[in-house]
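Derivation of every value follows stated rules applied to the coordinates shown; laboratory data play no part. Since the model is a prediction, treat every value here as computed from it, not as a measurement. Positions of Cβ are backbone-derived with ideal geometry, glycine not excepted, and every protein chain shown enters the neighbour counts.
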Amino acid sequence: METQVSIEAQTDAEQVHNMLAGSGYSEKAIRYFVEKPHMGIIPNADHVSEMTGSCGDTMSICIKVEEGVIREAKYQVLGCPGAVASAMAAVDLVKGRTIEEARSLNDGDVFRLLENIPAKKHHCIQLAVKTLQKALDEYTCSSDQ
């Protein structure tokens, strides 16, 4: 029975992979979606921000900053594979960078890291970047006071 369950699970994972690949997602974007390396919350985060996109996808980001450097960032995403992959890629691009360096992140940076997602999902990249920038702006404003 256990063998049958693991074969079914593998088949499901392969089906998801094939469906995403057939929809225009790169291997890298699929890996981000499946593995979700930066999904979750950070206990005692320095700041948390949330945004909802025009499509209804919602993202929340937690950031931990030490001496002006983003040491940790995690998203919670209620959305499609494009939203999840975009958020995970954004963290890889800003983790270990200063707030000012992270502020320069743009949609093109995330797209290049993902390599490809369907054109109708490019708004997901915009949502991930805007959510991050909102968190950085709010964090900076609150720490300046």
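Only one residue of H122, H38, C62 has its Cα farthest out toward the positive end of the dipole of the chain, where Lys and Arg carry +1 and Asp and Glu -1 on Cβ, and that residue is H122.
Since only Y75, F111, A89 are under comparison, the one whose Cα sits farthest along the positive direction of the charge dipole of the chain, derived from C-beta charges on Lys, Arg, Asp and Glu, is F111. The label point for Q15 and the one for S143, both projected 7 Å from the Cα toward the Cβ, are 4.6 nm apart.
Full extension of the chain segment joining S104 with R31 gains 23.8 nm, where the gain is 0.36 nm per residue of separation less the Cα-Cα distance. Counting only whole DSSP H helices of the chain, the ones at least 15 Å long by C-alpha along their axis and with mean Kyte-Doolittle hydropathy no lower than -1.0 are 2-22, 81-94, 122-144. The count of lysine pairs in the chain whose Cα atoms are under 14 Å apart, excluding pairs fewer than 8 places apart on the same chain, comes to 5.
Taking all Cα pairs closer than 8 Å and separated by 6 or more residues, the relative contact order of the chain comes to 25 percent. Each label point was placed 7 Å from the Cα along the Cα-to-Cβ direction; for K120 and N44 their separation is 4.6 nm. Dividing the summed helix terms, -39500 (n - 2.57) for each DSSP H run of n ≥ 4, by the number of residues in the chain produces a 222 nm estimate of -17500 deg cm²/dmol to the nearest 500. When the P(r) is computed for the chain, the part past 21 Å accounts for 43% of the Cα-Cα pairs.
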